[in-house]
Amino acid sequence: MRLPEGAHHIGGAPYDDEEGPDQEVVDPSTGEVLWTYPAATPRTVDRAIGAAEAALPGWAAATPAQRSGVLHALAAELDRTAEELAQTETAQAGKPIRLSREFDVPGSVDNVAFFAGAARRLDGMAAAEWSGAHTSTVRREPVGVVGSIAPWNYPLQMAVWKVLPAIAAGNTVVLKPAETTPLTSLALAEACRRAGVPDGVVNVVNGPGPLTGEALVASPRIAMTSFTGSTAAGRHVAALAAANGTRLHLELGGKAPFVVFADADLDAAVRGAVAAALINSGQDCTAATRAYVHRSAYDSFVSGVADLMASVRLGPTRDEDTDQGPLASSRQRDRVAAMVEQAVADGARVVTGGRAPGGELAAGAYYEPTLLVDAAQRSAVVQSEVFGPVLAVLPFDTADEALALANDVPFGLAASAWTRDVFLAQRASRELAAGTVWINDHIPIVSEMPHGGTRGSGYGKDMSIYSFDEYTQLKHVMSDITGQAHKAWQDTVFRTR
């Protein structure tokens with residue numbers, strides 16, 4: 001891991017804000033302070049916006065092929081430094097090195113490579129004579145300066161998801177990562193500089209939301225805000241942006257249901273549930289958090305999940321054999337523990353887990369893989385986002401009941417259905433209220449397909465060419481093809497003689 005030269009990256013160079021309050025980056029596996037930096041004040045945010053404004057005309061005017069070439073170079077640069085990025089991500093976010101090395105970093109590189117190609121596919125409607133007297137074309141143009149706010153659970157991937165579609169479409173960006181996990185975002189900005197991304201196209205400011213984030217969102221010079229985080233925080237961002245009429249893209253919380261029908265492959269469902277509940281220590285908006293299992297398979301499913309969860313190895317994040325690392329902070333661990341304690345007080349029962357481990361892991365923000373049963377549908381552990389390694393399992397008797405229960409939360413980001421019945425699978429894919437529905441799997445994503453939710457999970461899409469709908473504006477150009485001074489429609493205003 002290599003620490004950055006400055007706390008922020010503005011106009012292609014490191015930058016420090018001596019006026020900002022100090023922030024700490026802590027390794028959640030040990031509690032060790034890795035780095036201290038001064039937060040960006042509103043003055044520094046304004047400086048970054050100015051750098052993005054200065055770079056916008058040149059970058060927006062670049063041809064798609066020119067932007068594509070630079071982004072291909074960026075993908076190669078990130079791939080060259082993949083191990084350093086993985087080690088840095090593991091240190092600041094508490095991820096097992098296998099997860100950083102095999103999921104976060106290669107997924108980020110792939111997303112950059114995808115948008116390097118997609119930059120040459122900014123399509124509009126084909127030219128045609130819709131009125132008979134004009135040729136109409138549609139131009140897809142950049143929005144302008146985009147203010148992006150990324151979360152702490154996938155620092156590098158979420159930074160890439162924010163930055164790449166924006167700059168591939170010709171925008172410039174001011175990115176604010178979570179204040180606790182800024183290191184790989186700064187590494188991304190440095191990689192952009194080395195790859196030839198023009199100065200000011202990608203800027204990074206670091207600091208807490210109330211100081212740095214609000215200054216970014218509230219600026220009238222920001223054309224668009226893209227935010228990923230909790231639903232509550234997203235509503236606050238929306239209120240700030242509304243004062244300026246700023247365009248918004250929100251990817252918010254989730255409470256993904258995992259629906260196991262009577263005919264499902266139970267072994268596959270058990271493995272799928274444990275993996276999908278525990279990935280990134282459960283700190284994933286799409287993680288399986290509520291399993292609804294047909295009553296005929298319920299006992300076997302609970303027993304299988306409990307056995308597999310008990311075998312999951314908590315350990316040091318740099319150990320290749322570690323399955324699950326800590327949560328992102330001791331504060332987050334304590335929040336998860338409090339929700340489990342409340343669930344038990346409300347009548348749920350812990351089958352396995354339900355506590356923070358002692359011994360050599362006590363100094364870190366670890367929490368055991370936890371399986372709950374007997375929770376009520378209206379309880380907080382079923383209705384609210386836990387964001388930890390906790391799975392609640394509830395029974396159902398009919399498909400109608402299962403789908404109704406699955407949709408009976410405020411969120412709509414992701415869901416899965418497990419069945420061998422093709423017709424039931426198709427019904428579930430139609431009726432589950434989520435932006436992503438998996439059939440007989442849960443979690444995999446690909447750069448070519450969109451990611452985003454509905455209802456309390458926000459709106460708009462990350463990844464895929466569909467994300468260009470967020471980062472571009474459409475312009476209709478209508479050209480007269482008759483050459484006539486007298487237009488028939490003008491007679492509705494004045495009669496020409």
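Of note:
- Applying the criterion of being among the charged types (D, E, K, R) and either free of Cβ contacts under 8 Å to residues at least 60 places away in the same chain or part of a loop (DSSP other than H, G, I, E, B) (or both) to the residues of segment 112-166, the residue that is nearest to residue 71 (Cα to Cα) is 120.
- Any hit, segment 256-267, residues being at pLDDT 95 or above, among the aromatic types (Phe, Trp, Tyr) and under 30 Å from residue 331 (Cβ atoms): yes
- Scanning segment 315-337 for residues that are farther than 14 Å from residue 100 by Cβ and touching a helix residue (DSSP H, G or I) at 6+ places or on another chain (Cβ under 6 Å) gives a single hit, 327.
- Contact map, segment 48-69: residues that are β-branched (Val, Ile, Thr) paired with residues that are modelled with pLDDT of 95 or more, Cβ distance under 7 Å, separation 6+ or inter-chain. Pairs shown: 49/145; 49/174; 49/219; 49/221; 49/222.
- Of residues in segment 24-67 being part of a helix (DSSP H, G or I) and of a type in the set (S, T, N, Q), the one surrounded by the most Cβ atoms within 10 Å (Cβ to Cβ): 44
- Summed over segment 288-307, the residues that are touching a residue at least 60 places away in the same chain (Cβ under 8 Å) and either surrounded by fewer than 23 Cβ atoms within 10 Å (Cβ to Cβ) or closer than 16 Å to residue 417 by Cβ (or both) give a count of 12.
- Output for segment 308-359, where each listed residue is farther than 18 Å from residue 275 by Cβ, without any contact (Cβ under 8 Å) to a residue 24 or more places away in the chain and in a loop (DSSP other than H, G, I, E, B): 354, 355, 356, 358
- Qualifying residue in segment 292-300 (condition: in contact with a Ser or Thr (Cβ under 7 Å, 6 or more places away or on another chain) and under 16 Å from residue 439 (Cα atoms)): no
- Among the residues of segment 196-236, those that are among the charged types (D, E, K, R), within 22 Å of residue 53 (Cα to Cα) and out of contact with any strand residue (DSSP E or B) (no Cβ under 7 Å at 6 or more places or on another chain) comprise 199, 214.
- Of all residues making up segment 136-171, the number that are among the polar types (S, T, N, Q) and under 10 Å from the mean Cα position of the chain (by Cα): 2
- Residue match in segment 106-122 (condition: loosely packed, with under 15 Cβ neighbours inside 10 Å, in the same structural domain as residue 192 (by TED's automatic domain parsing) and hydroxyl-bearing (Ser, Thr, Tyr)): no
The values are calculated or read from the model by the stated rules, or taken from the named source; none is laboratory data. A quick note: this is a predicted structure, and the numbers were derived from the prediction, not measured. Here the Cβ is made from the backbone with ideal geometry for all residues, glycine too, and neighbour counts use every protein chain on show.
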